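The values are calculated or read from the model by the stated rules, or taken from the named source; none is laboratory data. What you see is a predicted model, and the numbers here were worked out from it, not measured in a lab. Virtual Cβ from ideal backbone geometry, glycine too; neighbours counted across all protein chains shown. In case anyone asks, the SASA skips ligands and DNA or RNA and just uses the protein heavy atoms, side chains included. Shrake-Rupley method; radii C 1.70, N 1.55, O 1.52, S 1.80 Å.
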Number of protein chains: 4
Amino acid sequence: MTPISDPHFAERVRASFDKQNAMHLVKASLPVVEHGLTEIHVPHWSGIEQQHGFVHGGVVGMIADSAAGYAAMSMVPASASVLTVEYKMNLLAPADGEKLVARGQVVRPGRTLIVTKAEVFALKDGKETLCALMQQTIMVMQGKAEK
Amino acid sequence: MTPISDPHFAERVRASFDKQNAMHLVKASLPVVEHGLTEIHVPHWSGIEQQHGFVHGGVVGMIADSAAGYAAMSMVPASASVLTVEYKMNLLAPADGEKLVARGQVVRPGRTLIVTKAEVFALKDGKETLCALMQQTIMVMQGKAEK
Amino acid sequence: MTPISDPHFAERVRASFDKQNAMHLVKASLPVVEHGLTEIHVPHWSGIEQQHGFVHGGVVGMIADSAAGYAAMSMVPASASVLTVEYKMNLLAPADGEKLVARGQVVRPGRTLIVTKAEVFALKDGKETLCALMQQTIMVMQGKAEK
Amino acid sequence: MTPISDPHFAERVRASFDKQNAMHLVKASLPVVEHGLTEIHVPHWSGIEQQHGFVHGGVVGMIADSAAGYAAMSMVPASASVLTVEYKMNLLAPADGEKLVARGQVVRPGRTLIVTKAEVFALKDGKETLCALMQQTIMVMQGKAEK
């Protein structure tokens, strides 16, 4: 496993997340930050629905992208920041449940590029349904820490 | 060019958009609905920002996905509905401007699958910058009109 | 797990593979066909190299696409065939080794669409290196068996 | 338009193509090399077919990937080389024709990353059919010229 390059990675990731107004807008939280893995949770509420009452695919994409991006950020030095280069996401099932959980993970870390994946699950009556699968490329900006 | 299968496509698309709470949440509007092409606009406001004060990439993805999806919906019969199967998006520049414009277009219509693309532009001081490029696959649900 | 809809899926998949001249051209073989999983192997030989002596990324994509497509084919009824709708592949490391192994797997089976993934490994001196990761969408043509 | 950083880009691109055995294996040629645009052509011959007698999707992907990658290479300094980071391709129609033409183009050049696209057309009885659409990310290796 890749060694931890910043022992304070979790604080750094949480501080960045807290500054994202768009995450607050959709009522997302970041309860899990591990080395190379994060989870973003969103409760189902009316403001994020699409026309059928499920959570909007755009919100699913938003939390998948962010969870995987923060998984990447957890593995870079404190002096670096990260940017999403691109991602590809398949929507597998309607986001139907009381809550969505996006789990982002680093697949392959690198000095300039990090490849990640994310899975988004809908939780309904104690059952998890995989509703989205994402593959993402992240760019590392060495020497450009987030302010 | 593919013939128009529903003369009331614009009303149908607008009615669907109006029912998407998540689009209202980010203050998105749908000023353009043509046959095979739509535009979604979002003003830059603090609620949709990421940590650097640009519009969050998740919101960029949300309007790209929806603009292209509605472009597809404009080409299906009134008795059908559409679903996003998957999309891939490259983020090309920070979403920096007073306003974002997502332009979705059908690349290849089909009975079961429609391939689309979207471009997202940031408008700043009268200048347009391409900030995202998306390629998307849409599934047509024949005989399943949106309620 | 999804029930096996065709007990003779392996014969059907192998028969299709045998008819693909392009697979023979690159000297690919299909040693593993399970329900929802296949493996395509290619020895490293000079005819499939790129300019640095590694296996060409196009050949890596070719076997990833086919391995995942055949994993999907293994799960459809004998009366159906499959088509690649699209795929996205990240190249993670040079395809450097004596042999490449593409492992394709079904992620989510469906009646009309099947989502799959593939990993391609390079084997060198007994060591496996992950050199590509793919996410793919397959369409099922019900009632259109391969001749 | 981006200025030409190497007046001998076409020779450099052609020299690289000539060293790709895999391109020779499928009988591909590179008749067009412009600044930010290339074309790779492949005649339809039995060795590159799939089971229905069309050109194999893997070969379509191979020439799309290479055409777009060489479009990127045409825009980098002579002291740099390029690598495919990832691509996403939709297959739109069977590759049915006497000849395939893959046209690769740079969408957005950058110092470290270049975003490109490719279209693959099948030519049959004087008619062009778009059979594949690709979106790709290329990494520039500054200071690492191809030998």
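Pairs please, first residue from the range D:130-144 and within 14 Å of chain B (Cβ to nearest Cβ) and under 17 Å from residue C:90 (Cβ atoms), second anywhere and assigned to a loop (DSSP other than H, G, I, E, B) and among the hydroxyl-bearing types (Ser, Thr, Tyr), Cβ atoms under 8 Å, 6+ apart in sequence or on different chains.
Going by the 8 Å Cβ cut-off, the qualifying pairs are D:139/A:112; D:139/D:112.
How many residues does the range A:28-63 contain that are more than 9 Å from chain B (Cβ to nearest Cβ) and either surrounded by 22 or more Cβ atoms within 10 Å (Cβ to Cβ) or under 14 Å from the mean Cα position of the chain (by Cα) (or both)?
Number satisfying all stated conditions: 16.
Collect the residues in the range A:1-53 that are in contact with a strand residue (DSSP E or B) (Cβ under 7 Å, 6 or more places away or on another chain) and among the aliphatic types (A, V, I, L, M), keeping them in residue-number order.
The answer is A:10, A:13, A:22, A:26, A:28, A:30, A:32, A:37, A:40, A:42, A:48.
Out of all the residues in the range B:6-44, which are over 17 Å from residue B:105 (Cβ atoms) and in contact with a Pro (Cβ under 7 Å, 6 or more places away or on another chain)? Walk me through it before giving the result.
Restricting attention to the range B:6-44, the residues satisfying the condition of being over 17 Å from residue B:105 (Cβ atoms) are B:6-8, B:11-12, B:14-16, B:18-29, B:42-44.
If the condition is that a residue be over 17 Å from residue B:105 (Cβ atoms) and in contact with a Pro (Cβ under 7 Å, 6 or more places away or on another chain), then B:6, B:27 are the ones that fit.
Please work out if residue D:119 is surrounded by fewer than 20 Cβ atoms within 10 Å (Cβ to Cβ), in a strand (DSSP E or B) and without any contact (Cβ under 8 Å) to a residue 60 or more places away in the chain.
no
Do we have residue C:69 as under 17 Å from residue C:91 (Cβ atoms), in a helix (DSSP H, G or I) and under 15 Å from the mean Cα position of the chain (by Cα) here?
no
Out of the residues in the range A:5-27 that are polar (S, T, N, Q) and open to solvent by 30 Å² or more (accessible area, probe 1.4 Å), state the one that is nearest to the chain's Cα centre (by Cα).
A:21
Please count how many residues of the range C:88-115 are within 11 Å of chain D (Cβ to nearest Cβ), in contact with a Phe, Trp or Tyr (Cβ under 8 Å, 6 or more places away or on another chain) and open to solvent by 10 Å² or more (accessible area, probe 1.4 Å).
Residues in the range C:88-115 being within 11 Å of chain D (Cβ to nearest Cβ), in contact with a Phe, Trp or Tyr (Cβ under 8 Å, 6 or more places away or on another chain) and open to solvent by 10 Å² or more (accessible area, probe 1.4 Å): 1 in total.
Looking at residue C:74 and the list (1) of a type in the set (Gly, Ala, Ser); (2) in contact with a Phe, Trp or Tyr (Cβ under 6 Å, 6 or more places away or on another chain); (3) modelled with pLDDT under 95, which single condition is not satisfied?
(3)
Facing chain C (nearest Cβ under 8 Å) and either in contact (Cβ under 8 Å) with a residue 24 or more places away in the chain or open to solvent by less than 10 Å² (accessible area, probe 1.4 Å) (or both) - does that describe any residue in the range D:75-84?
Yes.
Is it true that residue A:97 is in contact (Cβ under 8 Å) with a residue 40 or more places away in the chain and not aliphatic (A, V, I, L, M)?
yes
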